[in-house]
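*Asks:* Handing you this structure, nothing more for now.
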Amino acid sequence: MTRPARRDPSRLTEATGFRDFVRDGWGAGDRAVRLSPGAAEAAARHREQLRSVLPGVRIAVASGWAPVRSNDTDHGFRPDSDFSWLTGCNAEGAVLVLHPDGDAELFLREPAGPDDADFFANARDGELWIGPVPGLAEWSSALGVRCRPIHDLPSALRGRLPSIHATGGVDPLLDALAGHSSELRRVLAELRRIKDDWEIGQLQSAVDATVQGFADVAAELKTAVAGGGERWLQGTFDRRARTAGNGPGYASIVAAGPHAPVLHWVRNDGPVPEDGVLLLDAGVELDTLYTADITRTLPVSGVFSAAQRKVHDLVEAAVEAALAEVRPGVAYREFHRAAMRVLAVGLHDWGLLPVSVDESLDEDGQHHRRYIVCGIGHFLGLDVHDCASSSPEAYHEGVLEEGMALTVEPGLYFHPHDETVPPELRGIGVRIEENLVVTATGNHMLSSALPRDAAGLETWVSARR
C-alpha cells in the first residue's frame, strides 16, 4: 500500500484553512512615517538645487537594498546617501524620479496586506515578520511627493528622450532600466559639500550625542581594565549611538595601549592596560543619517605618562596650526600643510628624521609621514568621508567655502615594533579629531564640548572614572 505524501507543515501557502483564517480579522497597524522636523523641507530644497544644475533631463536615484549577510539573513538597511539627501525617505527598494518639468515621483513597494501571501510567507518583507511599514499614502503625505507602486517605474523611464541620469550599482532594476551616470554622482557630491542650516543642526546633534558617548566610555574605563577590554568600550559607545540615533556612523575604533598606533583598529578585541592610552575614534549617526566623527586620545588611568604627554602636546600643536587655516577662500590643502609642518619640526627636534625639516616636507621627501601615513581631514555629512565623488578641483585641489563641514585630525603613530623611535615612544598613538563648519569669518567648532588639551582631558577622564 502506498501512503499519501505528507505535506511539509511549514508550507502554509498550501494550507487553505490557514490561508482563509489568516486573511481576516486584522485592525489597522501603525504605518506612520516618523521624520525629523525639517527633513522633508530640506529634501525639497536639495531637489531644487539638483534641478538647477541638471536641467532638462530625467534623474533617477535609488535607495538600494540591505546587503545579504548569509543565506536568508541580511545586514541592516541604510539608504543610499544621495537618495536620502534628496528625499528624507528610508524605504528599502525605493526609486526617486525627477522629471524635467520639476515634478518628483517616488516609486515604492506596496506593503503586503493580509490578502497577499507575502503577508505571512515572506520573512524578509511580510508584515507578520517585520511589522507594519509605511505605504504609498503615508510616504506621500509625509514628504509632499507623489508616490507610485514600484512596478510603474518602467513607464516613468521609458524612452531615450529626455535623457536619464541615474545612480548605478544601487538597485538592479534601475540599472536595467536606466544604466548609470558618474556625472550625477559628481554633481550630487559637489552640491552636498555646502551644508544648509538644517544640515548643520543635524551635525551638531550628532556631535552632541557622540560627546555623551565618549563620556559613557570614560565612565567604563575601570571595568574595561578589569577585564571587559576594548569590546566592552565598543559596546558602551555603540549602545549610545543606537539609542541616540541610527547607530554608529562607521566602525568604531577603540584602540587601547599598543593598538593605539593602528590607524583603523576596528577589531576592538584587546585588553585595556591601565598605564596606556585609549584612542577612541567614533561617531553617532542620527536617524537622518548625518554623522559625527570625533577622536580623542584618553589617558586610561586619568593621567598621561611623560612620553604620552610629549606626543599629545605635539599633536595638539598641529591641530591648533591646522584650525587657524580653516576659513573661506583658503586652499583646502593649507590646513593639511600647516599641521604637517608642526609635526615635522617636532619629529626633527626629537631626532627622528634623517633629513632637515624642509627636505622632509618636500614632495619627494615626506620622511615624517612614516609616523602619519594618513591625511589629516575630510568632508563630513551624510557619510563619514562625505562627498567623495567630487572632482579634485572641488575637493582636495579646491578652496574652502562657507558651509563646508569637515574634520581636522592630525596624529602621530609609533608602532610597538618601530625601531626608529626610542623605546619609551613605542606603542604610543595619538589622534585629535575635531568636527567643524566653515563660517563667513573663519570656522565654528561643533565638537568644542570635549577638551582636546592634555590637562583638560586628564581632568575630564578623572571626573568620569
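*Asks:* I'd like the orientation of helix 182-192 relative to the chain: the angle between its Cα long axis and the longest Cα principal axis, in ° from 0 to 90, rounded to 10.
*Replies:* 60 degrees
*Asks:* With each label point set 7 Å from Cα along the Cα-Cβ vector, what nm distance links Ser305 and Asp197?
*Replies:* 5.1 nm
*Asks:* Using the crude model of +1 on Lys and Arg Cβ and -1 on Asp and Glu Cβ, and no other charge, please compute the dipole size for the chain relative to its Cα centre, in debye to 20. All intermediate terms of the calculation are to be shown ahead of the outcome.
*Replies:* Values: 45 positive and 67 negative charges, 212 e Å.
About 1020 debye.
*Asks:* Set the Förster radius R0 to 51 Å, insert the Cβ-Cβ distance between Ala388 and His417 as r into 1/(1 + (r/R0)^6), and round the FRET efficiency to 0.05.
*Replies:* 0.95
*Asks:* Using the Cα centre as the reference, give the magnitude of the dipole from point charges on the C-beta atoms of the stretch 334-389 (Lys, Arg: +1; Asp, Glu: -1; all else neutral), rounded to the nearest 20 debye.
*Replies:* Numbers: 4 positive and 9 negative charges, 40 e Å.
Computed charge dipole of the stretch 334-389: roughly 180 debye.
*Asks:* Calculate I(q)/I(0) for the stretch 13-82 by the Debye formula, one identical point scatterer on each C-alpha and no solvent, and give its log10 at q = 0.12, 0.13, 0.21 Å⁻¹ to two decimals.
*Replies:* Debye output, listed in q order: -0.71, -0.78, -1.05.
*Asks:* Right, here's the next one. At 7 Å along the Cα-to-beta-carbon direction for both Val68 and Trp129, put a label point, then send me their distance in nm to one decimal.
*Replies:* So the two model labels end up 1.3 nm from each other.
*Asks:* Long-range amide H contacts for Ile428: which residues qualify at under 5 Å (H placed 1.01 Å from N, peptide plane, sequence gap of 5 or more or a different chain)?
*Replies:* Phe414
*Asks:* Can you find, among Val438, Leu279, Gln234, the residue sitting farthest towards the positive end of the charge dipole of the chain, where Lys and Arg contribute +1 and Asp and Glu -1 at Cβ?
*Replies:* Final value for the positive-end residue is Gln234.
*Asks:* While we're here: Per-residue HN-Hα couplings for the stretch 246-260, Karplus 6.51 cos²θ - 1.76 cosθ + 1.60 at θ = phi - 60°, whole Hz, x for Gly and Pro?
*Replies:* So the J values, rounded to whole Hz, are 6, x, x, x, 6, 5, 4, 9, 10, 10, 9, x, x, 7, 4.
*Asks:* For volume of the Cα convex hull per residue in Å³, pick the label among [x] 207; [y] 148; [z] 139 that corresponds to the value derived from the coordinates.
*Replies:* [x]
*Asks:* Here's another thing I want to ask about it. For the stretch 85-141, I need the span (max minus min coordinate) of the C-alpha atoms along each principal axis, in Å, sorted largest to smallest.
*Replies:* 41, 21, 17
*Asks:* Could you calculate the FRET efficiency of Val262 with Phe18 from 1/(1 + (r/R0)^6), where r is the beta carbon distance between them and R0 is 41 Å, rounded to 0.05?
*Replies:* 0.15
*Asks:* How large is the convex hull of the C-alpha atoms of the stretch 142-298 per residue, in Å³? Intermediate results must be reported in sequence, preceding the final value.
*Replies:* On the way: hull volume 25.8 nm³, N = 157.
In the stretch 142-298, the Cα hull volume divided by residue count equals 164 Å³.
*Asks:* Let me ask another. To the nearest 10 square angstrom, how much accessible area does Ile150 have with a 1.4 angstrom probe?
*Replies:* Its heavy atoms expose roughly 40 Å² to the probe.
*Asks:* OK, next. Order Lys195, Lys222, Lys310, most accessible first, counting only protein heavy atoms with a 1.4 angstrom probe. Numbers along the way, then the final one.
*Replies:* On the way: Lys195 15, Lys222 115, Lys310 85 Å².
From most accessible down to least: Lys222, Lys310, Lys195.
*Asks:* Restricting everything to alpha-carbon atoms, can you work out Rg to Rh for the stretch 55-190 with a Kirkwood hydrodynamic radius?
*Replies:* Working: Rg = 15.3 Å, Rh = 15.7 Å.
Rg/Rh for the stretch 55-190 comes to 0.98.
*Asks:* Hey, another quick one. Using a 1.4 Å probe on the protein heavy atoms only, what accessible surface does Arg58 show? Give it in Å² to the nearest 10.
*Replies:* Arg58 has an accessible surface of roughly 10 Å² with all protein chains in place.
*Asks:* Can you give me the Kirkwood hydrodynamic radius for the stretch 241-290, using every pair of distinct Cα atoms, in Å to one decimal?
*Replies:* 11.6 Å
*Asks:* A further question follows. Out of residues 5 or more away from Met404 or on other chains, whose amide H comes under 5 Å of its own, with H placed 1.01 Å from N in the peptide plane?
*Replies:* Lys195, Val438
*Asks:* Using R₀ = 35 Å, calculate the FRET efficiency as 1/(1 + (r/R₀)^6) where r is the Cβ-Cβ separation of Thr459 and Glu397; round to 0.05.
*Replies:* 0.30
The values are calculated or read from the model by the stated rules, or taken from the named source; none is laboratory data. The structure presented is a predicted model; accordingly, all values stated were derived computationally and were not measured. Cβ sites come from the backbone with ideal geometry, for glycine too, and all protein chains shown count toward neighbours. Ligands, DNA and RNA are excluded from the accessible area calculation, which covers all protein heavy atoms including side chains. Shrake-Rupley method; radii C 1.70, N 1.55, O 1.52, S 1.80 Å.
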